Amino acid sequence: MRQSYPSQLEKKLRDNGYFYSVENAGVSGDTTAQLLDRIEWVLAGDNITAIILTIGSNDAFQSKNPADIKANIVKILDQIEQRGIPVLLVGMKAPLNL
């Protein structure tokens, strides 16, 4: 059995009668700036029905400027919104020592 989040989510959806393919377009270590650079490629698929966006933690761990992180996330969300794709934005609270 595959243990990745996408495979577990896809199985849970199928078990409940929702037959969607869950793809992971993430790149380990990606920052918001790196995703922003490749967002057009990520969104090039024809059958994207929804996006779960988990982004920003790598920026925080690299002590990036919070204003820059926010600006990049807003630009990424704008690109997704322009295509009318629903998005669930998942984040984390950065530890105070970062």
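Every number here is computed from the coordinates shown, using simple stated rules; none is lab data. Quantities reported herein were computed from a predicted structural model and do not represent experimental measurements. Glycine gets a Cβ as well: all are built from the backbone with ideal geometry, and neighbour counts include every protein chain shown.
Asp59 - would you say it is under 28 Å from Gln3 (Cα atoms), acidic (Asp, Glu) and out of contact with any His (no Cβ under 7 Å at 6 or more places or on another chain)? Outline the logic, then answer.
On the way: under 28 Å from Gln3 (Cα atoms): yes; acidic (Asp, Glu): yes; out of contact with any His (no Cβ under 7 Å at 6 or more places or on another chain): yes.
It is true that Asp59 is under 28 Å from Gln3 (Cα atoms), acidic (Asp, Glu) and out of contact with any His (no Cβ under 7 Å at 6 or more places or on another chain).
I'm trying to understand the selection: among the residues of segment 54-93, which are charged (D, E, K, R) and not in a helix (DSSP H, G or I)?
Residues satisfying the conditions are Lys64, Arg83, Lys93.
Just to be sure I understand, how many residues within segment 22-44 are in contact (Cβ under 8 Å) with a residue 24 or more places away in the chain and either part of a loop (DSSP other than H, G, I, E, B) or exposed (fewer than 13 other Cβ atoms within 10 Å of the Cβ) (or both)?
Count: 6.
Suppose we filter segment 63-91 for residues that are farther than 26 Å from Gly45 by Cβ and either among the polar types (S, T, N, Q) or surrounded by 10 or more Cβ atoms within 10 Å (Cβ to Cβ) (or both); how many remain?
Number of matching residues: 6.
Given the criteria under 14 Å from the mean Cα position of the chain (by Cα), over 19 Å from Ala94 (Cβ atoms) and aliphatic (A, V, I, L, M), does Leu13 qualify?
no
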